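What follows is one structure encoded as structure tokens, with my remarks underneath.
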């Protein structure tokens, strides 16, 4: 074989390996995003899919086992649906009532989801007010105040 042919063949093999590794390392890019209602209605259909779903955390359902690094909890949605979640990994910091939980993983048996990742989104109490109620003068006053000792320590 000519040297150029060997180099080109090697380049194609390396490029193919890189594409394969990228596809294998990012299962989320091939997954689907569903509402909890959609997932629970068609759970059997999505049992082999990588799914992203979110719901509201039910705080009294949290069972954390630090020895096994296992987290079990329940989520609910606005329609009253309930889903049990199992996650073998760390517990998020702000895991409390009213937090929106975003899961990525796969549904298993009825109303149960095995999560590979668990992320939280702050509840609405941390979000700002509507732009209609925005007061630019109050905002300007806040910006004009000198920093406190606490602000300077950060």
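Computed from the coordinates by the stated procedures, all read-outs in this text should not be read as laboratory data. All values derive from a computational prediction rather than experimental measurement. Backbone-built Cβ (ideal geometry, glycine too); neighbour counts: all protein chains shown.
Using the reciprocal of the averaged 1/r over all distinct C-alpha pairs, how large is the Kirkwood radius of the range 1-77 in Å? One over the average 1/r among Cα pairs gives 16.7 Å for the range 1-77. Shape analysis of the range 37-122 places it in the oblate category; the axes a ≥ b ≥ c from the Cα gyration tensor give an a/c of at least 1.5, with a/b not above b/c. Between residue 38 and residue 114, the simple spin-label model (points 7 angstrom out along Cα→Cβ) gives 2.3 nm.
From least to most packed, judged by other beta carbons within 10 angstrom and beginning with the fewest, 91, 121 follow the order 121, 91.
Note on residue 8 and residue 64: the extension gain reaches 14.8 nm, defined as 0.36 nm multiplied by sequence separation minus the Cα-Cα distance.
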